[in-house]
Structures are given as C-alpha cells and as structure tokens.
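Here the structure is laid out as structure tokens; the discussion comes afterwards.
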Amino acid sequence: MRVLFVCLGNICRSPTAEGVLRHKLREAGLAAQVQVASAGTGDWHVGNAPDKRSQAAALLRGYDLSAQRAQQVSRADFADYDLILAMDHSNLRNLKALQPAQGRAELDLFLRRYASSVDEVPDPYYDAEQGFEQVLDLIEHACDLLVIEVKGRL
Ligand code: 4NP
C-alpha cells in the first residue's frame, strides 16, 4: 500500500504527517507493508528540508523530519499511490484539477476520512508555535486511525 500526503508547500503539514505515520507504522510492525511520502501542490520549496518550526515541534514528540526534502505533486502520482490525502479543501481542489480520468489513487481529505472534530489541518506557516502543536495533535490522531485501517486491510 502506498500513501501520499499533500499540502501546499510540503514543508509543514504533509512532511509532519509523513514522519508521524512512518513512526506509527514502525511501532506497529507495519513499516514494510506501507510506503509513505509527501508532496506539495506548489513548487516554491522543492528540495528544501521541512520548516524549522515543524522539525522542532515534531522532534519534541519523537519524530525526526530532518531527512525529508520537499517535492511537488504530479499527475504521475495518481498512478503510483493507492491513497492521496489532502490537508485542506484548497489542496483537495488543486489535486482534483490535476487528477487524470483514470488513476489508481483514491483521493480524500485526510481528516474527513479519519474522523476528527475538524476536516482541515490548518496551515501553520504564518502562525505562532501553537499552530504547529495543533497540526501535530490533529495529525497524530488521524494517523492512529489510519494505522487501524491498514491493520484491517492486511
Ligand atoms: P504547508 O505550509 O503547506 O503545510 O507546507 C506552507 C508552507 C509554505 C507556504 C505556505 C504554506 N508558503 O506560502 O510558502
């Protein structure tokens, strides 16, 4: 199974989701069964490491994002991934516009699929530190439910 997380810049939300899910899969002994990646709809940060604030907040909870590098989502990703998960409605709209008529990937809003009190992971880029904590809270909860789904599928 292959999962791609998508946000706008691929330096805050989706790299965090990639790191959290990879960690939780490893803990569950499922790392070999699921490939995880992330990408941005925009190309401004391609090749860059995740935002320092995202890295710092994640590391405090045990997730090391330092090896990740930003990339832009492409039409080919719809053939390569089983599940493409958008962080907000704007990301989802942009992905729908890119989606080929016949793609393998199922496309969904991350928090709509993995029940949450809100359906978007808010963009923390222009926020204070607190925004990055909220991003982690939402992502950790949804990733727990994603891991349960993966266990059910296997
Ligand atoms: P992300 O956050 O989509 O969670 O990676 C952002 C990062 C950069 C920008 C916007 C959002 N930006 O405008 O450069």
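The values are calculated or read from the model by the stated rules, or taken from the named source; none is laboratory data. Because the structure is a prediction, the values reported are computed rather than measured. We place every Cβ from the backbone using ideal geometry, glycine too, and count neighbours over all the protein chains shown. Ligands, DNA and RNA are excluded from the accessible area calculation, which covers all protein heavy atoms including side chains. Shrake-Rupley method; radii C 1.70, N 1.55, O 1.52, S 1.80 Å.
The table that follows gives values for the structure above.
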{"item": "Answer residue from the stretch 78-90, given it is of a type outside the set (Gly, Ala, Ser) and farther than 24 Å from residue 140 by Cα and is surrounded by the most Cβ atoms within 10 Å (Cβ to Cβ) among those", "result": "78"}
{"item": "Qualifying residue in the stretch 9-31 (condition: within 19 Å of residue 104 (Cα to Cα) and open to solvent by less than 10 Å² (accessible area, probe 1.4 Å))", "result": "no"}
{"item": "Those residues of the stretch 110-120 which are open to solvent by 40 Å² or more (accessible area, probe 1.4 Å) and either over 24 Å from residue 134 (Cβ atoms) or of a type outside the set (D, E, K, R) (or both), in sequence order", "result": "115, 116, 117, 118"}
{"item": "Among (1) away from the ligand (no atom under 13 Å from the Cβ); (2) closer than 18 Å to residue 24 by Cβ; (3) part of a loop (DSSP other than H, G, I, E, B) - the single one residue 68 does not satisfy", "result": "(1)"}
{"item": "Residue match in the stretch 53-76 (condition: modelled with pLDDT of 95 or more, touching an Asp or Glu at 6+ places or on another chain (Cβ under 6 Å), open to solvent by 70 Å² or more (accessible area, probe 1.4 Å) and farther than 22 Å from residue 144 by Cα)", "result": "yes"}
{"item": "The lone exception for residue 45 - which of (1) surrounded by fewer than 23 Cβ atoms within 10 Å (Cβ to Cβ); (2) more than 17 Å from residue 141 (Cβ to Cβ); (3) more than 10 Å from the ligand (Cβ to nearest atom) it fails", "result": "(3)"}
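Condition check ((1) on the phi > 0 side of the Ramachandran plot; (2) open to solvent by 60 Å² or more (accessible area, probe 1.4 Å); (3) more than 15 Å from the ligand (Cβ to nearest atom)) across all residues:
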| site | (1), (2), (3) |
| --- | --- |
| 92 | no, no, no |
| 98 | no, no, yes |
| 108 | no, no, yes |
| 124 | no, no, no |
| 131 | no, no, no |
| 134 | no, yes, no |
| 140 | no, no, yes |
| 144 | no, yes, yes |
